[in-house]
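Novice: Pasting in a structure now, in structure tokens, and then I'll have a few things to ask.
The values are calculated or read from the model by the stated rules, or taken from the named source; none is laboratory data. Only a predicted model underlies this, so the values are computations on that prediction, with no experimental measurement involved. Quick reminder, even Gly has a Cβ in these numbers, built from the backbone with ideal geometry, and neighbours come from all protein chains shown. Keep in mind that these areas ignore ligands, DNA and RNA; they rest on the heavy atoms of the full protein, side chains included. Shrake-Rupley method; radii C 1.70, N 1.55, O 1.52, S 1.80 Å.
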Amino acid sequence: MAAIEKTEQLSFLLIPLMAPGHVIPMIDMAKMLARHGVNVTIMLTPLNFNRFSSVVNRAAMSGLPIRLLQIRFPSQEAGLPAGCESADTLPSYQLIQNFFVAIKLLQAIVEEKMEEMNPIPSCVIFDKHLPWMAEACQKFGIPRVSFDGMSSFTQLVMHNLYVSKIHQTVPETVPFLVPGLPHEIEFTKLQLPGLFNPRINDFPEFREQVRLTEAEAYGVVVNSFEELEKGYVDEFKKIRGGKVWCIGPLSLSSDDNLDRAERGNQASIDAAQCLKWLDIRPPGSVIYACLGSLARISAPQFLELALGLEASNHPFILVVNTGSESEEIEKWISEDGFEERNRERCLLVRGWAPQVLILSHPAVGGFLSHCGWNSTLESICAGLPMVTFPLFGEQFLNEKLVVQVLKTGVGVGARVSVHLGQTQRPEDKVTRDGIQAAVEMVMDQGEEGCERRRVAQELGKMAKRSVEEGGSSCLNIELLIEDIAKLAKQKKSS
Ligand code: UDP
């Protein structure tokens with residue numbers, strides 16, 4: 001109640017990038033902020049408006065000051081098919097250029113909508129991949145806080161690479177040490193995200209603009225909690241002059257099964273059916289395998305993944321979301337008899353799985369993940385060890401955090417990052433043996449497996465504590481709100 005009185009006039013505007021891994025945490029963030037008494041508006045284009053309206057409406061009906069504001073997405077002007085408004089709906093990677101054109105065109109549409117807003121928001125939290133938000137916020141004199149959906153670990157690694165430029169001095173496949181980190185962390189150049197990876201560094205101007213916009217933002221909100229990334233958060237705060245607020249794990253804002261089941265998209269499987277399948281498995285026996293919303297693996301790689309899981313002899317849920325090679329994959333599944341052969345112990349989900357709901361079920365004992373940051377945190381929240389299969393973006397960095405720093409994961413042996421939306425080169429394929437071995441290690445009941453599980457469960461408890469009253473993330477939300485309230489007061493009196 002005190003928070004509500006303190007922040008009566010504060011209103012936050014949230015603008016996510018149109019991709020599930022970016023919109024989902026912002027919707028969760030909106031709910032968390034609204035619970036602290038801030039009026040929250042989230043701007044969404046029609047596709048995401050439809051995907052998230054029931055979750056947001058439910059929150060509003062429960063009394064939270066939260067609302068959605070619909071804006072047009074300029075698909076057609078940018079040469080995209082109608083309705084193609086989110087990175088996961090791009091028919092092929094060839095259209096990524098057009099997607100960025102549409103995102104650029106969005107500036108005028110967003111500004112027009114901001115013009116109509118009354119009162120003008122006290123703060124904008126924007127995805128850093130919308131760098132023109134800097135200009136829009138400047139026009140309206142609104143402080144802007146950036147969000148990139150990544151960890152402090154990633155932020156620090158990227159900053160130290162940018163400053164040291166050490167990656168420019170080493171050959172592509174030779175591991176090198178990232179300077180200035182609390183732990184000894186090595187990467188090869190081919191595992192790094194776009195700005196630093198010679199095979200991926202497309203859109204260099206855009207990436208540089210994003211980096212600058214983030215550096216110049218008033219502050220940064222991070223979907224993480226301070227206890228998870230000790231040392232890394234402190235260092236990152238030093239770089240940012242203290243204006244870093246770790247307010248996660250945001251997925252913990254979905255605290256009922258309906259929100260969990262409807263999180264992000266319409267699930268392709270009935271949640272009740274899924275829970276029924278899990279209910280009859282022994283506790284901790286199931287491995288859940290999902291490579292996120294954007295990853296597209298080749299048919300040969302899918303085959304290795306499926307056969308590796310099969311060979312591990314554990315019951316498993318495998319999410320099949322494969323893109324352009326889906327026909328080939330379906331053909332293999334039926335001709336090989338994979339589904340039939342594993343009928344007793346495998347659940348294939350074609351499309352969107354209710355991930356957070358699945359992870360929270362006691363039958364699940366491990367998560368084979370591409371290490372997207374949301375999935376990584378969701379695994380941490382569920383107290384689960386991970387089998388790490390990074391593919392693109394900053395996923396190799398998240399893998400290092402999980403395997404080397406937190407010590408709750410085992411890698412399948414992925415070596416080279418790919419372009420978003422593209423599949424690995426055949427020579428970089430991860431083998432079924434690598435997958436089987438990592439799954440067996442994670443699910444193992446011996447000393448090592450038990451220790452990994454113990455640490456994971458401890459982290460899960462810490463995650464939950466962090467968002468409860470008095471927890472670090474809860475306090476950070478209050479600090480962020482207080483900071484913005486102070487700015488608003490100064491503005492009023494000037
Ligand atoms: N997700 C889901 N069901 C799916 C695939 C993904 O609920 O079948 C959710 C997942 O819980 C996470 C988000 O989509 O919140 C994916 O974000 P992440 O950062 O893990 O990976 P990305 O999709 O951005 O690569």
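Novice: Looking only at residues in the stretch 313-322 that are within 16 Å of the ligand (Cβ to nearest atom) and closer than 16 Å to residue 366 by Cα, which one is surrounded by the most Cβ atoms within 10 Å (Cβ to Cβ)? If you could, list the steps in order and put the result at the bottom.
Specialist: First, the residues of the stretch 313-322 that are within 16 Å of the ligand (Cβ to nearest atom): 316-322.
If we keep only those that are closer than 16 Å to residue 366 by Cα too, we end up with 316-319.
Details: 316: 24, 317: 27, 318: 25, 319: 23.
Only one residue fits best here, namely 317.
Novice: So which of 405, 439, 430, 416 ends up being in contact with a strand residue (DSSP E or B) (Cβ under 9 Å, 6 or more places away or on another chain), open to solvent by less than 50 Å² (accessible area, probe 1.4 Å) and of a type outside the set (Gly, Ala, Ser)?
Specialist: Only one candidate passes the filter, namely 439.
Novice: Return the only residue of 135, 111, 115 being over 21 Å from residue 215 (Cβ atoms) and exposed (fewer than 15 other Cβ atoms within 10 Å of the Cβ). Can you show your working first?
Specialist: Working: 135 fails: over 21 Å from residue 215 (Cβ atoms); 111 fails: exposed (fewer than 15 other Cβ atoms within 10 Å of the Cβ).
Exactly one residue qualifies, and that residue is 115.
Novice: Here is a check on your reading of the model: is residue 279 more than 17 Å from the chain's Cα centre (by Cα) and within 15 Å of the ligand (Cβ to nearest atom)? Walk me through it before giving the result.
Specialist: Details: more than 17 Å from the chain's Cα centre (by Cα): yes; within 15 Å of the ligand (Cβ to nearest atom): no.
No.
Novice: Given the criteria at pLDDT 95 or above and of a type in the set (Val, Ile, Thr), does residue 430 qualify?
Specialist: yes
Novice: For the stretch 354-363, name all the residues that are more than 10 Å from the ligand (Cβ to nearest atom) and either open to solvent by less than 10 Å² (accessible area, probe 1.4 Å) or under 13 Å from residue 399 (Cα atoms) (or both).
Specialist: So the first thing to find is which residues in the stretch 354-363 are more than 10 Å from the ligand (Cβ to nearest atom), and the list is 360-363.
The one that is more than 10 Å from the ligand (Cβ to nearest atom) and either open to solvent by less than 10 Å² (accessible area, probe 1.4 Å) or under 13 Å from residue 399 (Cα atoms) (or both): 363.
Novice: Is it the case that the stretch 471-480 has a residue that's over 27 Å from residue 365 (Cα atoms), charged (D, E, K, R) and in a helix (DSSP H, G or I)?
Specialist: Filtering the stretch 471-480 for residues over 27 Å from residue 365 (Cα atoms) gives 472, 474-480.
Subsequent filtering for residues that are charged (D, E, K, R) retains 478.
Checking which are in a helix (DSSP H, G or I) leaves us with 478.
Yes, the stretch 471-480 has at least one match.
Novice: While we're on this one: Mind telling me which of the residues 335, 325, 310, 304 ends up being assigned to a helix (DSSP H, G or I), surrounded by fewer than 16 Cβ atoms within 10 Å (Cβ to Cβ) and away from the ligand (no atom under 16 Å from the Cβ)? Break it down stepwise before answering.
Specialist: Values: 325 fails: surrounded by fewer than 16 Cβ atoms within 10 Å (Cβ to Cβ); 310 fails: surrounded by fewer than 16 Cβ atoms within 10 Å (Cβ to Cβ); 304 fails: surrounded by fewer than 16 Cβ atoms within 10 Å (Cβ to Cβ).
Going through 335, 325, 310, 304 in turn, the sole match is 335.
Novice: Kindly indicate which of 142, 120 is outside any helix (DSSP H, G or I), open to solvent by less than 40 Å² (accessible area, probe 1.4 Å) and within 26 Å of residue 250 (Cα to Cα).
Specialist: Details: 120 fails: open to solvent by less than 40 Å² (accessible area, probe 1.4 Å).
After applying the criteria, what remains is 142.
Novice: I would also like to ask the following. Filter the stretch 447-494 for residues that are more than 22 Å from residue 35 (Cα to Cα) and of a type in the set (D, E, K, R) and give the result.
Specialist: 447, 448, 451, 452, 453, 454, 458, 491, 492 - these are the residues of the stretch 447-494 that are more than 22 Å from residue 35 (Cα to Cα) and of a type in the set (D, E, K, R).
Novice: Tally time: how many residues in the stretch 288-301 are within 16 Å of the ligand (Cβ to nearest atom) and hydroxyl-bearing (Ser, Thr, Tyr)?
Specialist: The number of residues fulfilling the criteria is 2.
Novice: Evaluate the following for residue 461: is it under 26 Å from residue 291 (Cβ atoms) and either open to solvent by less than 10 Å² (accessible area, probe 1.4 Å) or among the charged types (D, E, K, R) (or both)?
Specialist: Working: under 26 Å from residue 291 (Cβ atoms): no; either open to solvent by less than 10 Å² (accessible area, probe 1.4 Å) or among the charged types (D, E, K, R) (or both): yes.
No, not satisfied.
Novice: Can you tell me which of (1) surrounded by 20 or more Cβ atoms within 10 Å (Cβ to Cβ); (2) free of Cβ contacts under 8 Å to residues at least 60 places away in the same chain; (3) under 13 Å from residue 393 (Cα atoms) is the one residue 207 doesn't meet?
Specialist: Unmet for residue 207, out of (1) surrounded by 20 or more Cβ atoms within 10 Å (Cβ to Cβ); (2) free of Cβ contacts under 8 Å to residues at least 60 places away in the same chain; (3) under 13 Å from residue 393 (Cα atoms): (1).
Novice: Shifting gears a bit: Looking at the stretch 277-299, which of its residues are modelled with pLDDT of 95 or more and in a helix (DSSP H, G or I)?
Specialist: Result: 277, 278, 279.
Novice: When residues of the stretch 277-295 are filtered for being open to solvent by 10 Å² or more (accessible area, probe 1.4 Å) and of a type in the set (Phe, Trp, Tyr), how many remain?
Specialist: 1
Novice: So, one more: Being within 12 Å of the ligand (Cβ to nearest atom) and surrounded by fewer than 16 Cβ atoms within 10 Å (Cβ to Cβ) is the filter here, so list the residues in the stretch 249-276 that pass it.
Specialist: Within the stretch 249-276, 266, 268 qualify.
Novice: Return only the number of the condition from (1) within 11 Å of the ligand (Cβ to nearest atom); (2) more than 20 Å from residue 307 (Cα to Cα); (3) out of contact with any strand residue (DSSP E or B) (no Cβ under 6 Å at 6 or more places or on another chain) that residue 351 does not satisfy.
Specialist: (2)
Novice: Please give the helices (runs of 4 or more DSSP H) falling wholly within the stretch 163-268 in which 1 or more residues are in contact with a helix residue (DSSP H, G or I) (Cβ under 7 Å, 6 or more places away or on another chain) and under 25 Å from residue 132 (Cα atoms).
Specialist: Values: elements: 204-216, 232-239, 257-261.
Correct list: 204-216, 232-239.
Novice: Would you confirm whether or not the stretch 151-160 contains a residue that is open to solvent by less than 70 Å² (accessible area, probe 1.4 Å), outside any helix (DSSP H, G or I) and in contact (Cβ under 8 Å) with a residue 40 or more places away in the chain?
Specialist: yes
Novice: Moving on. Cβ-Cβ under 6 Å, sequence separation 6+ or interchain: first residue in the stretch 269-297 and at negative phi, partner hydroxyl-bearing (Ser, Thr, Tyr) and within 11 Å of the ligand (Cβ to nearest atom). Which pairs?
Specialist: Between residues of the stretch 269-297 that are at negative phi and residues that are hydroxyl-bearing (Ser, Thr, Tyr) and within 11 Å of the ligand (Cβ to nearest atom), there is no close pair.
Novice: Let me ask another. What is the one condition in (1) assigned to a helix (DSSP H, G or I); (2) touching a residue at least 40 places away in the same chain (Cβ under 8 Å); (3) farther than 25 Å from residue 393 by Cα that residue 115 does not satisfy?
Specialist: Condition (2) is where residue 115 drops out.
Novice: Give 399, 478, 447, 451 a once-over and let me know the one that is over 30 Å from residue 293 (Cβ atoms), open to solvent by less than 80 Å² (accessible area, probe 1.4 Å) and modelled with pLDDT of 95 or more. Spell out the reasoning first.
Specialist: Numbers: 399 fails: over 30 Å from residue 293 (Cβ atoms); 447 fails: open to solvent by less than 80 Å² (accessible area, probe 1.4 Å); 451 fails: open to solvent by less than 80 Å² (accessible area, probe 1.4 Å).
Going through 399, 478, 447, 451 in turn, the sole match is 478.
Novice: Let me ask you something else. If the requirement is being on the phi > 0 side of the Ramachandran plot and within 16 Å of the ligand (Cβ to nearest atom), which of these qualifies: 371, 381? Talk me through it step by step, then tell me what you get.
Specialist: On the way: 381 fails: on the phi > 0 side of the Ramachandran plot.
Testing whether each residue is on the phi > 0 side of the Ramachandran plot and within 16 Å of the ligand (Cβ to nearest atom) leaves just 371.
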